[in-house]
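The values are calculated or read from the model by the stated rules, or taken from the named source; none is laboratory data. For clarity, every value in this text was computed on a predicted model and none was experimentally measured. Cβ sites come from the backbone with ideal geometry, for glycine too, and all protein chains shown count toward neighbours. The accessibility values were calculated without ligands, DNA or RNA, using every heavy atom of the protein model including side chains. Shrake-Rupley method; radii C 1.70, N 1.55, O 1.52, S 1.80 Å.
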Amino acid sequence: MGSNKMGWWVTVAVVYSLCALLAMCAGFPAGGRGNGAALQPSFYEATCPPAEMVVRQEVIRALHSDIGFAAGLVRMHFYDCFGCDASILLESTLDNTAERDSPVNNPSLRGFEVVDSAMARLEDACPGVVSCADILAFAARDSVALSGGPRYDVPGGRRDGTVSMASEVPDNIPAPTFNLDQLTRSFAAKGLTQEDMVTLSGAHTIGRAHCTAFSDRLYNFSATGAADPALDPPFLAQLQHACPASGVDPGLVVPMEPRTPYALDTLYYWGVLRNRGLFASDQALLASAPTAAQVRQSAYGS
Ligand code: HEM
Ligand SMILES: *[C@@H]1O[C@H](CO)[C@@H](O)[C@H](O)[C@H]1NC(C)=O
């Protein structure tokens, strides 16, 4: 038992460097950020037929060991896809701190080992063919479906980047403290509309958040000496109980949506409507008439 577990971790460590290495030299054009490649459905049909099936198997296997990987993979895909080049998977080196080690991402991102185990199998089956960025996109799609969410096709053809800088993360990833204008600008910079933003925020119906991500709302919001007045009082009391004021433990987490934390349903929107969104950025979706209307419609269905 013990040695098996050990073996697993050794494998993971080796595969991490494999994924990082492949991004450098698997024949993907070297270079820049972003991803201009044209994406195609069934991209690997001829070159690596088992690609999507292998990813799905690895996701299922991971969810059996920890269902939280579903949320981790969805979040990781979103964060990576302010680029979609798998640069989130690259490791820090002596002279560069990579994205994954930005304080925004470390230690809260999870799911690296799932991508890596799929990559290891695909490197056996069809060496140098499947990109890490596509694996991550497929894995997020499968996580959504396996959590009871919508099914959608994911075209392939993303190319892995070689540049990953922690210093770029704060400018590219929206913060939980953002207001509606800041959020809208952040999504617009990636070609996403406000409507896309409200839809995608629905992912906050699964997974967890560290107390440190929202504790600014609980005790001394904007240096007022009180909690964020927008928060529903009973919900605030629950959060204060889960995240005590005295030196918030960086390891403490709460579910993003406490009633069905593992189901990709519409209860997130119900929560936001009742001022139970965990982050200021969730609450912010009520700040304009059109976004609030979309939240309401998403909560009640149509
Ligand atoms: C609207 C702007 C967004 C902000 C400010 C934001 C911020 C955050 C933060 C701070 C966390 C908590 C991480 C932790 O403490 O462990 C989180 C978790 C999460 N986010 Fe977002 N996010 C946003 C949009 C999105 C989008 C568009 C998606 C995917 C479509 C997404 C998916 C997730 C998921 C699934 C989790 C749970 C992760 C886990 O359980 O490991 N988020 N987000
Ligand atoms: C709230 O934060 C402000 C600014 O950091 C600080 O001056 C003030 O003492 C804090 N109030 C409480 C009640 O902790």
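The distance from the alpha carbon centre of the stretch 39-92 to that of the stretch 213-246 is 35 Å, rounded to a whole number. A cut-off under 11 angstrom between Cβ atoms defines the neighbours of residue 81, and their net charge, with Lys, Arg +1 and Asp, Glu -1, is +1. Ligands, DNA and RNA aside, residue 77 has an accessible area near 40 Å² when probed at 1.4 Å.
Shown for the stretch 57-135 is the translational diffusion coefficient from the Stokes-Einstein equation, using the Kirkwood radius over Cα pairs, a temperature of 4 °C and a viscosity of 1.567 mPa s: 98 µm²/s.
Here the dipole of the chain is about 580 debye; that uses its Cα centre as origin and unit charges on the Cβ of Lys and Arg (positive) and Asp and Glu (negative).
Principal-axis analysis of the Cα atoms of the chain puts helix 112-125 at an angle of about 20° to the longest axis.
Surface analysis of the chain yields an accessible area of 48 Å² per residue, using protein heavy atoms and a 1.4 Å probe. State the percentage of accessible surface on the stretch 172-244 attributable to carbon and sulfur atoms; use a 1.4 Å probe and exclude ligands, DNA and RNA. Percent of accessible area from carbon and sulfur atoms in the stretch 172-244: 57.
Placing one equal scatterer on every Cα of the stretch 149-197 and applying the Debye formula, the log10 ratio I(q)/I(0) at q = 0.24 Å⁻¹ is -1.00. The orientation-averaged projection of the convex hull spanning the C-alpha atoms of the stretch 180-300 amounts to 7.7 square nanometres. Measuring nothing but how far apart in sequence close Cα pairs (under 8 Å, 6+ apart) lie, relative to its length, the chain scores a relative contact order of 20 percent. Counting only the Cα atoms, the stretch 97-184 fills a convex hull of 150 Å³ per residue. Against the chain, whose longest principal axis comes from its Cα atoms, helix 233-242 is set at around 50 degrees. Evaluated over the Cα positions of the chain, the convex hull gives a direction-averaged projected area, one quarter of its surface, of 17.1 nm². How far, in degrees from 0 to 90, does helix 69-80 lean away from the longest principal axis of the Cα atoms of the chain, to the nearest 10? Helix 69-80 sits at roughly 80 degrees to that axis.
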